[in-house]
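Colleague: What follows is a structure written as structure tokens; I'll ask about it next.
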């Protein structure tokens, strides 16, 4: 096992990477892989391999792997399926550390020839004990060393962060990454498992468990070959890293499609969900919820209890959030008398001074607002804070007004927010508060409330 | 009734607007209202009223309403609550067409003085038959004449479109508008009902029924004074305009807060939902779903049946969408033999050629892709199309490749999509396809699937 982990570490942190099937032709994936490798900021050696000698992205290719005089830690393979066995044998001869096999056309195609090829290359890799990510994968990204070993150069735009995105679907991994770019969520790794020749969820999770840059494992699952093994492993892992899973294939047609797609048993969705729950791992039901939850897990402490305080600059969003909180198992905290007294001192006698609190009347008074927020934060009966603020021109200073109390509090209890304005008004301030660890922000009150509820559920599950 | 509609039309389409309480001081709402009025593109007369004579946004104020020599169609009132009765009397004397009363501090405050003031100004307005939007409202926006009679100048950034946003909460209206800006959704009107002195949902809905620029009524509701009246009216309206409602206050605390906020009975949430259903109107459960559904209603025909074809450029998103479709009452269409033959001719023998279809292998061939899509569109067993495409560098040309088939089809059946790429790659092309009416696009497959399912449910409900 130790040996395997070392090999995976070498695969993700290579000093020299060969691109076998590198190409100058934009209609070939070998072109896009070279673009990813050369434009993503990777500082190691990039070794294009192509029998023809024309320069590719400014690099002169080697006609074969053997022609390169030094060690290759990672070989990215993008040649046609039929050529893969020979390339694998060359990799064995060259003693490459690991392979990312982008090529498709193995077990997933109807033609039994695909399965035969799959078995053939698996035998070669296993015999030489070479870890292979893929086949039929977009590849892997490591934010730490800016390695973009994929056919999508734009993955390099994702901000580095604590979330490892591990996906059984390339489409979903792309989707999650594009959403992460839009929402400013940071990833440590992006990993496409593809058809899992000899590296599956268990091996990747073991590797990520030891990866210091990863705090959250965000998993997209369709079907698993050895569910029990994964569940047992998740039960161990969830004490050291936070884990959130999105499993599709719950519908009849979705399940069938998933079986065809991944070549694995998908099977009864409810059984999977029960197993995740048993393992103490949170399962969610959309890519949006998956990313929202992973973001909260990466940036917030877990609440110690279900009692939430909702502080809203406007009543409506507070009411919408209250609905979500109560329906997802959070409770609206009953403020202690001292807290209520502080709130009453900061707000005029409007009705919404109990939880949810309508902070609207305190907009213009940063001091009052800060005192109010601070007293709620310090209330021992409050386990988490939902902070909701819609821009309305006259309140343009409110985010600056809350900055000090938020940053000095530094999320001793989780602060989950929905602070929203038209583009260009609060973007920088909110991003800055997120980066300082003062809060985690969402575009709607309901998504913020659900993220906080999921943090609580994750803690509850984790105690099993 | 006719008379009342004419008055509301005059209020929304004024030739001269007075701002009573106009101010040069950014800490006053009267400043922000003046900014909205003068910077939003409104072409009528703007008449600031303020006892002091200094210029406000380049306009010399009148010391009183009476000092203005011509007719005032709309008076926006932003003076302190105690002064409102006098201002109302002045409005009556001046025969203003309608009032937007932004000032708060009436029925919604605990002090019985608030209720007394409320009753007093209501008597004045009702006696003179002057329609009043508010009190305690942010105001109204009319995209057609660029009237921004609110304290939020940024509302003017919302694209004109077919959706009328009618909200009982200012915070939610701001939120919906900011989301609309982000997602490129167009509004015809933005209306904050506030505490509904004499203009409530029924009056506004009657007005919007006759508003040619409005095709969709998007309602945010907390509590209603006369639910039966509204329901009966919705039953009539839903034959002429599409309607979608988001009602909060389903939780105990949310319901209490809603009662305090709007001063109306909120009451049993399930009863409301049942009533909307009876009226044949779709109710949703988040601001995101509200806006997503309104957007689809504005830009798509309703499907004639529940049979959906899922065409996805990658398998995973297709599986995720399949799950959502089946759980929300859509069925995956069984393709006719001719359709299946066309699909098989366009795709290699991979497994996902039945519904959901994985179009991945046809990425590079715009002709094959178009033929495939066209054959599915024309299949009489297909009622709606979900088109899912994640960018992956090598498929950068795929949106251009689908353009012709999408635009020439022109949504004879609804085409709902999730086409997603990093910023700056497909934005313009997708926006263009939306503007041409070729599709309606969402950031995730699940949201696209839910929007299509809601279109179908809306049709089903509408047939009652």
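Derivation of every value follows stated rules applied to the coordinates shown; laboratory data play no part. Bear in mind that the values here come from a model prediction, so they are computed numbers and not experimental data. Positions of Cβ are backbone-derived with ideal geometry, glycine not excepted, and every protein chain shown enters the neighbour counts.
Colleague: Calculated FRET efficiency, residue A:410 and residue B:378, Cβ-Cβ r, R0 45 Å, to nearest 0.05?
Modeller: Plugging the Cβ-Cβ distance into 1/(1 + (r/R0)^6) gives 0.15.
Colleague: With angles folded into 0 to 90 degrees, how steeply does helix B:84-94 sit against the dominant principal axis of chain B? Use alpha carbons for both and round to 10.
Modeller: For B:84-94 against chain B, the angle is about 90 degrees.
Colleague: Shifting gears a bit: Calculate for chain B the 222 nm mean residue ellipticity that helices alone would give, adding -39,500 (n - 2.57) per DSSP H run of length 4 or more and normalising by residue count, nearest 500 deg cm²/dmol.
Modeller: The helix-only estimate for chain B comes to -13000 deg cm²/dmol at 222 nm.
Colleague: Let me ask something additional. Once the Cα gyration tensor of region B:158-299 is diagonalised, what are the square roots of 5 times its eigenvalues, in whole Å and ordered largest first, as equivalent ellipsoid semi-axes?
Modeller: Ellipsoid semi-axes (Å, largest first): 22, 17, 14.
Colleague: Once you have the Kirkwood Rh of region B:1-132 from its Cα pairs, apply Stokes-Einstein at 20 °C and 1.002 mPa s and quote D in µm²/s.
Modeller: Values: Rh = 15.0 Å.
D = 142 µm²/s.
Colleague: Same structure again: Bins of 10 Å, beginning at zero and ending with the bin holding the largest distance: percent of Cα pairs per bin for region B:390-464, please.
Modeller: Taking every Cα pair in region B:390-464, the percentages come to 18, 46, 27, 7, 1.
Colleague: In chain A, what % of DSSP beta bridges are antiparallel (nearest 5)?
Modeller: Counting DSSP beta bridges with both partners in chain A, the antiparallel share is about 15 percent.
Colleague: Let me ask something else about it. Rounded to a whole number of µm²/s, how large is the Stokes-Einstein D of region A:288-445 at 37 °C and 0.692 mPa s, given Rh as the Kirkwood radius over C-alpha pairs?
Modeller: Translational D for this selection: 213 µm²/s.
Colleague: Write down the percent of antiparallel bridges among all DSSP beta bridges whose residues are both part of the protein assembly as shown, to the nearest 5.
Modeller: The antiparallel fraction comes to roughly 15 percent.
Colleague: Helix B:170-183 sits at what angle to the longest principal axis of chain B, using alpha carbons and giving 0 to 90 degrees rounded to 10?
Modeller: With both axes taken from Cα atoms, the answer is about 40 degrees.
Colleague: Can you tell me the FRET efficiency between residue B:464 and residue A:341 if r is taken as the Cβ-Cβ distance and R0 is 45 Å, rounded to the nearest 0.05? The partial results should precede the final answer.
Modeller: On the way: r = 52 Å, r/R0 = 1.16.
FRET efficiency, residue B:464 to residue A:341: 0.30.
Colleague: Another question, if that's okay. Quick one: with label points 7 Å out along Cα→Cβ, list the inter-copy distances for residue B:334 in nm, shortest first?
Modeller: Values, ascending and in nm: 5.9.
Colleague: Å³ per residue of the Cα convex hull, for the protein assembly as shown?
Modeller: 158
Colleague: Another question about this same structure. For chain B, restrict the atom set to alpha-carbon positions and state the Rg and Dmax in Å.
Modeller: Rg, Dmax (Cα atoms, Å): 25.0, 81.
Colleague: Nearest 10 degrees is fine. How inclined is helix A:252-262 to the longest principal axis of chain A, computing both from alpha carbons?
Modeller: Roughly 50 degrees between the two axes.
Colleague: For residue B:67 paired with residue A:86, estimate the spin-label separation in nm (one decimal), with each label point 7 Å from Cα along the Cα-to-Cβ line.
Modeller: 9.3
Colleague: With the contact rule set at Cα under 8 Å and sequence spacing of 6 or more, what percent relative contact order holds for chain B?
Modeller: Once normalised by length, the contact order is 11 percent.
Colleague: Need the full-extension length gain, residue A:328 to residue A:146, defined as separation in residues times 0.36 nm minus the C-alpha distance. One decimal, nm.
Modeller: Numbers: separation 182, 0.36 × 182 = 65.52 nm, distance 3.85 nm.
Working it through step by step, the gained length comes to 61.7 nm.
Colleague: To one decimal in nm, how far is residue B:111 from the same spot in the other copies, if labels go 7 Å from Cα toward Cβ? Please give the shortest first.
Modeller: Ordered by distance, the counterparts are at 8.3 nm.
Colleague: Which distance in nm do the two modelled labels at residue B:25 and residue B:271 give, with both placed 7 Å along the Cα-to-Cβ direction?
Modeller: Inter-label distance under the simple model: 4.6 nm.
Colleague: Next question. Using a 7 Å offset from the Cα along the Cα-to-Cβ direction at both residue B:6 and residue B:212, what is the distance between the two label points in nm, to one decimal?
Modeller: Roughly 2.0 nm, to one decimal.
Colleague: List, shortest first and in nm to one decimal, how far the label point of residue A:428 (7 Å from Cα along Cα→Cβ) is from its counterparts in the other copies.
Modeller: When each copy's label point is compared with this one, the spacings are 2.8 nm.
Colleague: How many percent of DSSP beta bridges within region A:1-136 run antiparallel, rounded to 5?
Modeller: Counting DSSP beta bridges with both partners in region A:1-136, the antiparallel share is about 5 percent.
Colleague: Could you please state, rounded to a whole Å, how far the C-alpha centre of region B:207-246 is from the C-alpha centre of region B:313-390?
Modeller: If you average the Cα positions of each part, the centres end up 36 Å apart.
Colleague: Using Cβ contacts closer than 10 Å as the measure, can you line up B:155, A:276 from fewest to most?
Modeller: Values: B:155 28, A:276 23.
Starting with the residue having the fewest Cβ neighbours, the order is A:276, B:155.
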